[in-house]
Amino acid sequence: MHLSIHYTTAYHYEDPPRRIVQLLRVTPASFAGQSVLDWRIDVDCDAKLREHQDGYGNIVQMLYIDRPMSSLAVSVAGRVLTEDRAGIIQGLPHDLPPGVFIRPTPLTAPGPAIDRLARWTTRRAGPVLDKLHALATRLHSEFQFDTQATAVDTTAEQACDAGHGVCQDFAHVMIATVRRIGLPARYVSGHLFRRDGALVQEAGHAWAEAWIEDLGWTAFDPVNGICTDDAYVRVASGLDYRDAAPVAGARAGGGAEELKVEVRVDRAMRQAQAQSQN
């Protein structure tokens, strides 16, 4: 699929901050099944951008602004070619040994609710792949997607016990459960082309990858109960949300902050045809 992505993060500050530093994980890499055709980051003010690769292999831009301002907008745009590889992830330009992703983090530490889900998963019949499909399907069917129920610091145990959350929570619950049954798992942030016609979204998407012997890293989206396909664009990964969040930062001053995020994911060819008709 030929996808076009436009992602804008806009801030308005009550009082102009003296200095702003942001870490951006918004640039995808090319690998088997995902080819980045073009990608750019635009900032609506004078800023310094420095690119590097973090320990998980994510492409990171550090953004520095050294003068007061009342607002800031960071826009990301690009085109990506994707293929449906049934969730199998191969050919990443940089990766770590799977064993790195077996340890829990504060956001993915298991408790009684995760333990119950792990026991249910291990009792499923069939090979590991079938068990993980069953887990993703159960989360999709029994957990409620609720944008008001959780926050960025909600743990997998809390979300699992409550039975609701956003894509971050679904991913954390699946990751915590997979690790509890002894398999490496990691958090992935990225974008999803929604085939239901919802082109404009209020945030990016998130899902999980699990390491399966003889198969490798395999991506599951428990929100939709499927393995990822050509509608997904993989951007960053890590042990949990904190390692793969699209934006993290700090500022000196600025008082209260108003944030607005808009993500548009569309088929590039359809968008080009619409523009040519105008």
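Structure notes:
- Looking across the range 125-140, the residues that are out of contact with any Ser or Thr (no Cβ under 6 Å at 6 or more places or on another chain) and closer than 22 Å to Arg186 by Cα come down to Pro127, Val128, Leu129, Asp130, Leu132, His133, Ala134, Ala136, Thr137, Arg138, Leu139, His140.
- Looking only at residues in the range 42-60 that are over 13 Å from Val247 (Cα atoms) and among the aliphatic types (A, V, I, L, M), the one that is surrounded by the fewest Cβ atoms within 10 Å (Cβ to Cβ) is Leu49.
- Yes/no for Ser4 being buried (at least 18 other Cβ atoms within 10 Å of the Cβ), of a type in the set (S, T, N, Q) and at pLDDT 95 or above: yes
- Residues within the range 121-140 that are surrounded by fewer than 15 Cβ atoms within 10 Å (Cβ to Cβ) and in a loop (DSSP other than H, G, I, E, B), tallied: 4
- The criterion of at least 3 residues that are within 22 Å of Ala29 (Cβ to Cβ), aliphatic (A, V, I, L, M) and modelled with pLDDT under 95 is met by none of the strands (runs of 3 or more DSSP E) falling completely within the range 187-257.
- Candidate set: the range 61-120, residues that are touching a Pro at 6+ places or on another chain (Cβ under 8 Å) and not in a helix (DSSP H, G or I); chosen: the one surrounded by the fewest Cβ atoms within 10 Å (Cβ to Cβ): Ser70
- Verdict on Gly165 being more than 18 Å from Gly225 (Cα to Cα) and not polar (S, T, N, Q): no
- Checking Pro16 against (1) surrounded by fewer than 18 Cβ atoms within 10 Å (Cβ to Cβ); (2) within 16 Å of Ala248 (Cα to Cα); (3) in contact with a Pro (Cβ under 6 Å, 6 or more places away or on another chain), the condition it does not meet: (2)
The values are calculated or read from the model by the stated rules, or taken from the named source; none is laboratory data. Here the structure is a predicted model, which is why all the values come from computation and not from measurement. Here the Cβ is made from the backbone with ideal geometry for all residues, glycine too, and neighbour counts use every protein chain on show.
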